[in-house]
Amino acid sequence: MPIRFRELPRPFVEAQTLEVSYSGIDAYQACPRRFFYGHVLHVQDPSRGANTTLGNKVHAALLALNRQWMEEGEPPRDDAVQAVWREVWPIDRATIEAALADPETRVRWEPGFVFPRQVVQGWQRGAGQLRRYFEWERLRWTGMHHRPVALEQPFQFELNGHVIVGRIDCVLQTGGGDVVIDYKTGKPKNGRKPEKSLQLAIYEEAWRLQSGANPAVAYYHLAADDDQPGQPLDPWRADKQARQTRYTVEMRDTLWAEIVGALDRITANDFAAAPKEGRSTCDACAYRLWCEESLA
Ligand code: SF4
């Protein structure tokens, strides 16, 4: 029987401890019904587009390259970046050139991609973004000598009887203090501002509890707003691609009030469909094709 004709299940009982990550809270903020599908019914997210595949590969390469940086003391050079990218996503040079010249060329298929040239363009895009990012890190390293001190750092802490879990992409130790970084492969114009980020508020608290430091927080966007498919990339724009802030007490209070509010509503079993930005939230929702309340 469709969910709309039944009472929704009430999975949470009084005094239940909730274990939740930022992605759960984010799903709930976007639409409580989305959280219900993904985190209560555990319906697998059916979407795995090309951007998801590219994002996963770029994150894997970032982890390997930042690890090199941590061990060797300075950011990796172009040749090291390229070598790691070829390990993470093995396509040889001849195949790339052949695919660009002839759309019929066979290229190993990757989830979410539709045709061979798209795979090759995705490969080139990832390589270019990584080279651009580490070129910028090398440039500023000359004066700063900054370095990663934590990578894919797991955390778990208690909040009002619940457990918040997650993983921080990278913490950079700089002359101005630690910076907690979350890497994004989407463009800055489509992203969130650190000042309003529940994700970075959670990561800041996690690192503060683990290290005793009072870190800044940042989103580093590997893509730039002006990037064009198949075109050479402009140099890194720190003012647009590295968005950093340090929370004031007031900012922190506002963000944590939102997080606590979401947890309270989850444990009150409030899962009514309420897409935050109406149709555009449903358009981007992985469950839109079969959600009974979808506006898409
Ligand atoms: S399709 Fe829309 S209403 Fe349904 S879960 Fe997704 S965001 Fe919510």
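In the stretch 234-269, of all residues being more than 21 Å from the chain's Cα centre (by Cα) and polar (S, T, N, Q), the one that is nearest to Ala127 (Cα to Cα) corresponds to Thr248. Taking Val217 as the residue in question, decide whether it is closer than 25 Å to Arg167 by Cβ, touching a Pro at 6+ places or on another chain (Cβ under 9 Å) and either away from the ligand (no atom under 16 Å from the Cβ) or assigned to a loop (DSSP other than H, G, I, E, B) (or both). Answer is yes for this residue. Annotation note: Cβ proximity below 6 Å between a residue of the stretch 266-287 that is within 13 Å of Phe35 (Cα to Cα) and a residue that is more than 8 Å from the ligand (Cβ to nearest atom) and among the small types (Gly, Ala, Ser) (sequence gap 6+ or interchain) occurs for Ala286/Ser47. Residues in the stretch 132-162 that are more than 21 Å from the chain's Cα centre (by Cα) and either closer than 30 Å to Asp264 by Cβ or hydroxyl-bearing (Ser, Thr, Tyr) (or both): Thr142, Glu158, Leu159, Asn160, Gly161, His162. Of the helices (runs of 4 or more DSSP H) that lie entirely inside the stretch 236-296, those containing 1 or more residues that are touching a Gly at 6+ places or on another chain (Cβ under 9 Å) and surrounded by 14 or more Cβ atoms within 10 Å (Cβ to Cβ) span 249-267.
Residues being surrounded by 10 or more Cβ atoms within 10 Å (Cβ to Cβ), part of a loop (DSSP other than H, G, I, E, B) and of a type in the set (Ser, Thr, Tyr) are entirely absent from the stretch 75-98.
Restricted to the stretch 263-283, and to residues there that are among the small types (Gly, Ala, Ser) and within 15 Å of the ligand (Cβ to nearest atom), the residue that is farthest from His162 (Cα to Cα) is Ser280.
When you check Leu198 against the structure, is it within 16 Å of the ligand (Cβ to nearest atom), of a type in the set (A, V, I, L, M) and either out of contact with any strand residue (DSSP E or B) (no Cβ under 6 Å at 6 or more places or on another chain) or over 29 Å from Phe35 (Cα atoms) (or both), yes or no? It is false that Leu198 is within 16 Å of the ligand (Cβ to nearest atom), of a type in the set (A, V, I, L, M) and either out of contact with any strand residue (DSSP E or B) (no Cβ under 6 Å at 6 or more places or on another chain) or over 29 Å from Phe35 (Cα atoms) (or both). In a residue-by-residue description of the stretch 40-63, the property of being within 16 Å of the ligand (Cβ to nearest atom), farther than 20 Å from Arg167 by Cα and not in a loop (DSSP other than H, G, I, E, B) applies to at least one position. Number of residues in the stretch 166-180 that are out of contact with any helix residue (DSSP H, G or I) (no Cβ under 8 Å at 6 or more places or on another chain), assigned to a strand (DSSP E or B) and either surrounded by 14 or more Cβ atoms within 10 Å (Cβ to Cβ) or on the phi < 0 side of the Ramachandran plot (or both): the value is 4. Residues in the stretch 99-121 that are assigned to a loop (DSSP other than H, G, I, E, B) and either under 21 Å from Glu135 (Cβ atoms) or among the small types (Gly, Ala, Ser) (or both): Gly112 only.
Read the figures in this text as sums done on the coordinates, not as results from a lab. Only a predicted model underlies this, so the values are computations on that prediction, with no experimental measurement involved. Here Cβ is always computed from backbone atoms with ideal geometry, including for glycine, and neighbour counts include all displayed protein chains.
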